[in-house]
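One structure is given here, and the rest of the page talks about it.
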Amino acid sequence: MAGNEEKSMVSFCIDSNVRLAWLAPFAVVFALIWILGIVAVLSFPTIVIGDSEMTRTGLIGTLLGLTALVLGPVFAFYHMTYATYSYELHKDAIVIRKGIVAKHRVVIPYEKMVNINSERGVFESLFGLSTVKIDTGTGKEMLEGSIPGVRNREQLVSELLSRKQKKNAAKEEATKVDNPQANQINLLKEILEEMKQLRILLSEKKTKKSFDEMSEMHEHEAFIGSSDAEEERPINRRRK
């Protein structure tokens, strides 16, 4: 059983460019800081901060140190987040693994999925990436799924929907097999519905037949009346 489950399991890693998409907002902020710093360097030979003066070289060195001090740890954090983020498509459920220090393992059965959506922010769009979100309708974070850094979002969403439909169909079939009493009740309901339809058809035919018979009777009476009238005319003429 374990061997079969391993064969049916497919493991995926998120796209490596997701690190750049995560880092991009910080890069934009520091780009603006650098632009302001360059403008200040070009405009003033020295910059007075409090009681001390800072030369152009000192300002550039400060900017370099600040950039390395902030962006270095941020990039390291996002790299470790990327390295520990993965998801697996098993036979019965999707498993999402994440976490740098505290490891989290989210298991979502396919039949529990309510909504499967995808979204992409500005920076994700620049790298052609999306975030696929899986909603189970429970409102519990541990039973919800979020997969960032997905390049082929349509393919993943389609695959999840297909597995969900197959699982629901198999569950319904198993329910029919395991519950013969319910099958008999459904069969009786179908028979009763067919009998109702048959009764309606018979009633319509009977009504039509009665209407036809009444029409024929009226036509016959009218014909007899006209014949009697024709016979009375010569008798009246002879009497005259």
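Table for the structure above
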{"read-out": "Whole-Hz ³J(HN,Hα) from phi, Karplus 6.51 cos²θ - 1.76 cosθ + 1.60, for segment 110-120, glycine and proline x", "value": "4, 6, 8, 6, 9, 10, 10, 10, 10, 9, 9"}
{"read-out": "Distant-in-sequence amide H partners of Phe127 (H built 1.01 Å from N, under 5 Å)", "value": "none"}
{"read-out": "Per-residue Cβ neighbour rank within 10 angstrom, fewest leading, Arg199, Arg19", "value": "Arg199, Arg19"}
{"read-out": "For Asp135, Asp92, order by how many other beta-carbon atoms lie within 10 Å, fewest first", "value": "Asp92, Asp135"}
{"read-out": "Residues Ile96, Ile38, Ile200 arranged by fewest to most Cβ contacts within 10 Å", "value": "Ile200, Ile38, Ile96"}
{"read-out": "Burial ranking of peptide ranges 110-117, 124-131 (average Cβ count within 10 Å, highest at the top)", "value": "124-131, 110-117"}
{"read-out": "Cross-link pairs beyond the 20 Å C-alpha cut-off, checked among Lys103/Lys171; Lys112/Lys171; Lys103/Lys167", "value": "Lys103/Lys171; Lys103/Lys167"}
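Bear in mind that the values in this text are calculations on the coordinates, not laboratory data. Everything quoted here is computed from the prediction, not taken from an experiment. Note that each Cβ is placed from the backbone with ideal geometry, even for glycine, and that neighbours are counted across all protein chains shown.
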